[in-house]
Amino acid sequence: MAGGLSWWFWQRTDRPNVNQYPVLGLKVSQEDGYQDFQKLKKEDVQFVYLKATEGASYKDDYFDSNYSRAVGSGLQVGIYHYFSFNSTPEQQAAQLFKSVGQDSGNLPIMIYLEYYGQYQQKKPATKKTQKAVAQLIALINQHYQKDCLLGGTPAIVNRYRPAKGQYPLWQTTSAAPKAMQTSGFWQYTLASPLPKQDRQATYQLAVFTGTKAQWRQVQKGTF
């Protein structure tokens with residue numbers, strides 16, 4: 001994650017209002033190590049987004065194990081692809097399809113945007129990247145017949161969100177996003193304990209921002 005995010009964001013321990021945001025979940029990759037999804041569900045976690053792929057050639061080492069165990073736990077499961085600024089949409093879609101097969105979860109698929117390497121200093125061209133993101137979304141929509149959402153900080157998702165169409169967001173920010181979507185997600189921390197757990201284990205926690213009726217719809221893969 002780019003260095004502009006505050007120390008407090010990493011160490012945040014409070015959860016957003018449970019009455020306003022009752023649906024709690026988290027984002028997981030191989031960097032988080034082994035996860036006991038059965039235990040997480042007992043801690044009131046309702047959904048998990050698992051990192052599947054990145055760019056045109058990378059697959060998360062823990063994806064297959066995480067996926068089978070998360071589904072087996074009864075959690076609502078989504079997958080996410082880490083977007084590459086220097087791979088074509090076709091290459092990235094092919095890597096996702098090859099790597100996960102039909103293991104795409106029941107939630108909408110997320111495309112996660114984050115500056116990395118040289119792009120932290122020199123931002124990718126806006127219109128060109130918007131077009132690439134739109135093309136990748138279209139390929140995923142066609143292949144899996146389910147919606148996509150865009151993830152990242154408010155600044156990056158607003159910059160590269162395609163100009164045409166409606167795209168629900170997964171916004172990674174310590175404060176409630178200004179442009180809150182009624183059926184999006186808010187990742188409010190990068191490393192915090194669950195409300196009922198000790199402070200040894202930390203997670204990338206998120207809440208669903210819509211209503212209970214909207215959450216039921218999202219569990220079908222659509223917004």
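The values are calculated or read from the model by the stated rules, or taken from the named source; none is laboratory data. Quick caveat: nothing in here was measured; it's all calculated off a predicted structure. Note: ideal-geometry Cβ built from the backbone for every residue, glycine included; neighbour counts use all protein chains shown. With ligands, DNA and RNA removed, areas are computed over all heavy atoms of the protein, side chains included. Shrake-Rupley method; radii C 1.70, N 1.55, O 1.52, S 1.80 Å.
In the context of the full set of protein chains, segment 1-135 has a per residue accessible area of 49 Å² (1.4 Å probe). Below 27 Å, Cα to Cα, which lysines can LYS127 reach? Residues fewer than 8 away in the same chain don't count. Partners within reach: LYS51, LYS146, LYS164, LYS178.
Take every pair of alpha-carbon atoms less than 8 Å apart whose residues are at least six positions apart; their mean separation over the length of the chain yields a relative contact order of 23 percent.
Summed over qualifying helices (DSSP H, 4 residues or more, each -39500 (n - 2.57)) and divided by its residue number, the chain shows a 222 nm mean residue ellipticity of -8500 deg cm²/dmol. Packing around the peptides 204-210, 155-161, 119-125, taken as the average count of other Cβ atoms within 10 Å per residue, puts them in this order, highest first: 204-210, 155-161, 119-125.
Comparing GLU31, GLU114, GLU90 in a Gaussian network model of the chain where C-alpha atoms under 10 Å apart are linked, the largest mean-square fluctuation is found at GLU31. A Cβ-based charge dipole, computed about the Cα centre of segment 1-133 with Lys and Arg at +1 and Asp and Glu at -1, lands at about 460 debye.
Oblate is the label for segment 100-223, because the ratio a/c of its alpha-carbon gyration tensor axes (a ≥ b ≥ c) is 1.5 or higher and a/b is not greater than b/c.
Run the dipole for segment 124-171 about the Cα centre, Lys and Arg Cβ at +1, Asp and Glu Cβ at -1, nothing else charged, and hand back the magnitude in debye, nearest 20. With Lys and Arg at +1 and Asp and Glu at -1, about 220 debye.
With no solvent and one equal point scatterer per Cα, compute the Debye intensity ratio I(q)/I(0) for segment 1-151 at 0.09, 0.10, 0.15, 0.21 Å⁻¹ and report its log10, rounded to two decimals. Values returned for q = 0.09, 0.10, 0.15, 0.21 Å⁻¹ are -0.31, -0.39, -0.87, -1.38.
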